[in-house]
Amino acid sequence: MAEKQIYESELNFLFKFELSERGIVEQIERELDLIQFFIGNLTIIEKKYYDMIDYQIVMPLRKLLCEEKSILRDVCPDFKMPEFKGEVHVLDDEHFQSKLRIKVTSFTVDPQEKWIPLDDWLQSKIAWFDKEPEDVPIGFDEYVFSLIRNKVNGLNKTQKGTLSEFDSFFNFEEMEMKDGNKCKVYRFIYREDAQKREKLYNILKQTGYYDLTLYEFLKGVADGRGAHLDKSMGPLLKIVNVTPYKGMSVIMVLAIQTMYAIAKQVKGLEQYLPQEFPQMEFDEQMAPTKDVLLR
C-alpha cells in the first residue's frame, strides 16, 4: 500500500501576503519616523549635511505621495494635501534668457476643508519658465532633443501623429554657438511660421520642458538618490529646492506638511501631528536670485 502523502507548505522568497490595515499603518509609521528623526534633529546637524538629509527624506515622500498604488492611498483613498502656495520669485537673466519662476513655499497651511486631492496637488507647479510661442529656441543639441523626443513619443500613444509632426519641424545640421565654436543641432526650420511655432510650443509644454510639477520634482530628486546618482540629475532641481527660511529646503517643508496631512487624515497616526510649526525667519541672502544661475 502506497504511503499516504501529506502536503506541507514551505518557506520561499516568492510568496507574499497582503498586509492588514494595521500592518499598512505600521509601514507608514516607519516612513514618518525617518522623516521625523531628521527634521527633529535639524538644530544639532550642521547645515553642510542638509543635502544628505534631503536625500533621506525624499524617498518616503516619493513612496507615499507619488506612487499610484502607494500604501497611503490604500488606507486613505481620498487623501488630500494643503494647496501648494508661496511667493513667486523671478529669476530673469539675460545670459540664459531664462524667465524662470520659482514658487517658494512656507509652513502656511489652509484649513483642512480647503485641501485638494493628492493627484491635483502633485500636478501643482513649483517652477516654470514664463515663455510664449515666440520664445521657442532655434534648435536643440542632440542630447536635449533625444530627451524631448522620448517624451513626445509617449504623447504619441494617445495623440497619434504628434511624433511625426514634431520630427518634421527639424533639420540636423551644424550651427555656430555664441563663443564662435560650431556644434551639431536639430534646428527648428519654421521660426518665421507663427502657427508652427505655436504647435511646437504646445508640444514642449506637454512634455514638461517649460514646467516642473511637484510630482516631477520629488521624483527627480528621489531618482538622483538612486544608483544613477552621478549619471543623471536635473541641474535646476537644486536651485528649485532652496528656500529663504533658515536654510531649510523645499523638501523639508513638504515633508513637514505631509506629516501634518497624514496625521490629520489617517487613523492611528495622530501622534505625528506637530505641536506647532517651526517659526520661519526669512533670510534675504537665501532667496532665489538670478545669481544662482551663474554659480
### Alpha-carbon Rg with Dmax, taken over region 135-209, Å
12.5, 42
### Task
Just give me a number: lysine pairs in region 135-209, eight or more positions apart or cross-chain, with C-alpha atoms less than 24 Å apart.
14
### Message
Below 8 Å between Cα atoms, with a sequence gap of 6+, how large is the relative contact order for region 135-209 in percent?
### Response
37 percent
### Message
To make sure I understand the rule: partners must be lysines, Cα under 18 Å from the Cα of residue 85, and not fewer than 8 residues away in the same chain. Which ones qualify?
### Response
103, 114, 125
### Task
Normalising by the residue count of region 54-178, find the relative contact order in percent from Cα pairs under 8 Å and 6+ residues apart.
18 percent
### Summary
Row for region 25-73, column shape: gyration tensor on C-alpha, a ≥ b ≥ c, rounded if a/c < 1.5 i.e. under 1.5, prolate if a/b over b/c, else oblate; value oblate
### Task
Fewest Cβ neighbours within 10 Å first, please rank 37, 169 accordingly.
37, 169
### Message
How large is the Rg to Rh ratio of region 19-105 when both quantities use alpha carbon positions and Rh follows Kirkwood?
### Response
1.10
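Bear in mind that the values in this text are calculations on the coordinates, not laboratory data. Bear in mind that the values here come from a model prediction, so they are computed numbers and not experimental data. Quick reminder, even Gly has a Cβ in these numbers, built from the backbone with ideal geometry, and neighbours come from all protein chains shown.
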